[in-house]
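This report concerns only the one structure given below.
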């Protein structure tokens with residue numbers, strides 16, 4: 001197992017190094033005056049300003065706005081701030097609102113306060129996520145098809161659902177720690193699981209390794225879940241995403257007990273992102289060498 005995880009981590013690091021770095025994330029807590037750097041500021045009322053930070057004194061930001069000229073506002077009014085680059089006649093926004101998740105698994109990044117999205121896979125499995133603060137998010141999702149069958153009393157397969165609360169702290173400029181509590185059901189397997197995640201990188205290019213332990217039979221190592229994910233931003237709209245999940249051994253029902261890995265692309269355009277991923281494991285590849293395709297949409301609210 002350790003050898004497998006080591007290989008996954010090394011592969012993900014190579015994955016992140018593909019291409020040259022085009023983007024650089026600026027956190028709202030890292031405000032530095034720089035008249036040569038164009039930034040986009042989002043205030044608490046979601047009002048957005050393009051311009052440069054000229055000075056910072058006693059909690060006041062002296063900002064040269066491209067549209068409104070020189071203005072001032074308090075640092076507490078800033079929801080988030082990010083660097084932008086000019087491409088022809090428009091700016092490329094660099095804040096990745098989907099950085100808190102890969103295809104299935106979470107990262108240690110959180111949604112910004114009041115950010116929210118609905119995510120749907122084939123319109124059957126749907127989830128909702130909301131940022132309570134800049135450091136705490138809540139999520140929940142369900143497989144509607146089997147849920148409806150359960151309500152009608154005709155579901156022998158079981159349900160798929162989850163509820164979670166997760167928080168994150170920034171340990172350094174490129175290191176984040178996430179801690180979460182999950183209640184989930186994988187069809188016939190129930191789990192109540194604390195989960196820890198370590199993410200290296202920024203919101204555009206990052207690697208995450210996660211470990212969770214089902215509190216039912218907590219001392220049994222077979223109840224653990226190990227996950228790894230990586231994301232690389234290729235250009236203004238396209239990301240490469242990959243992930244690996246080792247489910248608990250207690251799910252020993254054929255293919256469900258085996259490790260699952262996936263790879264694919266994410267196309268993000270405005271408030272909507274589209275994911276096309278290929279899922280595979282030892283059983284699936286006997287029938288579908290490249291995996292089973294899954295198509296998901298994320299709608300920012």
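The values are calculated or read from the model by the stated rules, or taken from the named source; none is laboratory data. None of the values given here were measured: they were computed from a predicted structure. In this analysis, Cβ positions are derived from the backbone assuming ideal geometry, glycine residues included, and neighbour counts consider all displayed protein chains.
Would you pick out the residues in the range 89-102 that are surrounded by fewer than 23 Cβ atoms within 10 Å (Cβ to Cβ) and at pLDDT 85 or above?
Within the range 89-102, 98 is the sole residue that qualifies.
If we keep just the residues of the range 167-182 that are crowded, with 19+ Cβ neighbours inside 10 Å and farther than 18 Å from residue 206 by Cα, which is modelled with the lowest pLDDT?
Checking each candidate, the answer is 182.
List pairs: first in the range 119-131 and part of a loop (DSSP other than H, G, I, E, B), second surrounded by fewer than 18 Cβ atoms within 10 Å (Cβ to Cβ), Cβ under 7 Å, 6+ apart or cross-chain?
Hits for this filter: 122/295; 124/144; 124/145.
When you look at residue 191, is it more than 19 Å from residue 298 (Cβ to Cβ), modelled with pLDDT under 90, more than 14 Å from the chain's Cα centre (by Cα) and in the same structural domain as residue 102 (by TED's automatic domain parsing), yes or no?
Spelling it out, residue 191 is indeed more than 19 Å from residue 298 (Cβ to Cβ), modelled with pLDDT under 90, more than 14 Å from the chain's Cα centre (by Cα) and in the same structural domain as residue 102 (by TED's automatic domain parsing).
Residues that are in contact with a helix residue (DSSP H, G or I) (Cβ under 7 Å, 6 or more places away or on another chain), on the phi < 0 side of the Ramachandran plot and modelled with pLDDT under 70: does the range 142-155 have at least one?
Yes - at least one qualifying residue is present in the range 142-155.
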